[in-house]
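Quick note: the coordinates plus some simple rules give every number you see, no bench work behind them. Nothing here was measured: the structure is a model prediction, and the numbers come from that model.
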Amino acid sequence: MSMIAIALAVAQAASPPSAGIQDEQQLSGLPCFENRGVKHCVQSIAVSGKKKDMDAARVRLTAEGWPSSYRADRSGQTMLHVDPRNRTLDEAWTLTNRFASKEFGLLEAGFSTFPVPGSK
């Protein structure tokens with residue numbers, strides 16, 4: 001299974017519904033990729049773990065120019081969402097790999113993606 005397919009599977013499990021994403025303006029600046037003929041865009045990099053670790057990561061990410069905010073996921077767990085807007089897919093992927101390498105401590109991160117309406 002390719003790295004993009006793995007990221008897509010993880011992201012689809014964590015992604016909130018994409019209702020409201022209707023036009024290209026809303027997609028502007030988001031890193032996107034194609035999988036099996038369907039275009040997907042990364043709406044955020046979802047980070048989970050202990051709040052103090054997420055706070056420390058957020059400070060570092062802000063210093064690096066990555067905007068972020070706290071939001072609850074479907075189960076009500078607070079997660080740090082990093083905005084990938086105006087970044088390349090490679091930059092977003094590299095940031096996710098930095099979390100996987102434990103550069104930010106014991107935090108987990110994955111893409112939160114959505115399929116672009118009408119892309120297949």
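Summarising the amide proton neighbourhood of VAL116: residues at separation of 5 or more, or on other chains, whose placed amide H is nearer than 5 Å comprise LYS39, HIS40, CYS41. The alpha-carbon atoms of segment 50-120 define a convex hull whose volume equals 112 cubic angstrom per residue.
Our coupling estimate for segment 42-56, obtained by passing each phi through the Karplus curve with A = 6.51, B = -1.76, C = 1.60 and θ = phi - 60°, is 8, 8, 6, 9, 8, 10, 10, x, 6, 4, 5, 5, 5, 4, 5 Hz, Gly and Pro reported as x.
Phi angles across segment 64-70 convert, under the Karplus curve 6.51 cos²θ - 1.76 cosθ + 1.60 with θ = phi - 60°, into 3J(HN,Hα) values of 8, x, 9, x, 8, 8, 8 Hz, Gly and Pro given as x.
Scanning residues 5 or more positions from SER68 or on other chains, those with amide H under 5 Å from its amide H are ASP83, with H placed 1.01 Å from N in the peptide plane.
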